[in-house]
Amino acid sequence: MSPGIDNFPQAFLNSMSRPDADPPGSNDWDCDTTALHPRPVVLIHGTFENAFNNWNELSPKLRNEGYCVFAINQGAPRGEVIKGRNHIPNSAEEVARFVDRVLRVTGAEQVDLVGHSQGGGVLPRWYLKFNDGAAKVNHLVGISPSNHGTTGVGLATLAKTFHLLGAVGRLGGQAIPDQIVGSDVHARLDRGGDTMPGVTYTNLITRFDEVVTPYKNQYLTAGPGAKVTNILVQDVCRMDLTDHIGSSYDPIVHQLVLNALDPSRAVEPGCFPVAPIVS
């Protein structure tokens, strides 16, 4: 599998003419899981993103490592570039149906989830808690996850960024107020603790996140029967200045994802300069 596009702005521009396209390496419904990687990986994009522009580089990397990779488009009608806008509980129902299809087609007992922003935080956590997802998920890996909400400043930055990238179509949607600190969604989701028994959580967080603010809102605390690992990317490599938008294209983050999915084959990430997309 050849590598995909290696940066978000180019992938975003490419997705404008093909908003429902699969990222390379994903959604091969004839893919057979292996003894080495028995669980399919389901990729969940973030707010205002889509599967193609969020996962164009990570998806083929995972496929080349032998994973069966599936990527959902959720939170907006087909044909719209700007997805991930709908009410979080409604998007969680889409995720539930997609995961059920993956399990049915592959015959796997569980999946691993990898998500960015909304797709790594509040959305999959809602699915795990309220859509019977915990029994179907082994590991949730969140990249810049919106676990405990963000300030209005952070979401304004996100909207401004996509406008500057030439986004078309209507921005906004219920996903924005759902992810504000103190929203009804967060109040209900966080009641009783951050985690679900039996699920492992890994959160990959950048200190320079300008969207999920403050960045420490991304951390989770393990409850009974769950395991949580919170990793600040700058503790791994001080030269990594990746921000929220760029984190799903950060090669250091990619290695941390691979390590989380298969700790038995973990590789120490390299350390080299990574620039932010938004400065």
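Laboratory data are not the source of any read-out in this text; all were calculated from the coordinates shown. The structure displayed is predicted, hence computed values, not measured ones. Cβ coordinates were reconstructed from backbone atoms using ideal geometry, including for glycine residues, and neighbour counts include every protein chain displayed.
Just name one of 186, 56, 121: the one whose Cα is farthest towards the positive end of the charge dipole of the stretch 8-265 (beta-carbon charges, Lys/Arg +1, Asp/Glu -1). Sorting the options by dipole projection puts first 186. Note: relative contact order over the stretch 8-265, using C-alpha pairs below 8 Å and six or more positions apart, is 18 percent. Which longest uninterrupted range of the chain lacks any trypsin sites (Lys or Arg not before Pro) assigned by DSSP to a loop state (not H, G, I, E or B) and surrounded by at most 16 other Cβ atoms within 10 Å? Here the longest segment lacking exposed loop sites spans 79-169. Going by neighbour counts of Cβ atoms within 10 Å, the residues 139, 116 line up, fewest first, as 139, 116. Given R0 = 45 Å, the distance between the Cβ atoms of residue 64 and residue 216 translates into a calculated FRET efficiency of 0.85. Available extension along the chain between residue 97 and residue 229 is 44.8 nm, counting 0.36 nm per residue and deducting the alpha carbon span.
Shape of the stretch 7-157 from its Cα gyration tensor (a ≥ b ≥ c, root eigenvalues): rounded if a/c is under 1.5, otherwise prolate when a/b > b/c, or oblate?
Oblate shape, in that a/c is at least 1.5 and b/c is the bigger or equal ratio.
About its Cα centre, the chain has a charge dipole of approximately 440 debye under the convention of +1 per Lys or Arg Cβ and -1 per Asp or Glu Cβ, with nothing else charged.
Three principal axis extents of the stretch 8-265 based on alpha-carbon atoms, in descending order, are 45, 42, 39 Å. Toward the positive end of the charge dipole of the stretch 221-279, with +1 on the Cβ of Lys and Arg and -1 on the Cβ of Asp and Glu, the farthest Cα among 234, 223, 256 is that of 223.
Using +1 at the Cβ of each Lys and Arg and -1 at the Cβ of each Asp and Glu in the chain, identify which of 1, 77, 15 lies farthest towards the dipole's positive end. Among 1, 77, 15, the one farthest towards the positive end of the dipole of the chain is 77. Exposure proxy for 87, 45, 148: other Cβ atoms within 10 Å of each Cβ, ordered fewest to most, give 87, 148, 45. Annotation: extensible slack from residue 151 through residue 18 equals 44.7 nm (criterion: 0.36 nm per residue apart, minus Cα-Cα distance).
In loop segments of the stretch 1-89 as defined by DSSP, the chymotrypsin sites (Phe, Trp or Tyr not before Pro) with at most 13 further C-beta atoms inside 10 Å of their C-beta are 29.
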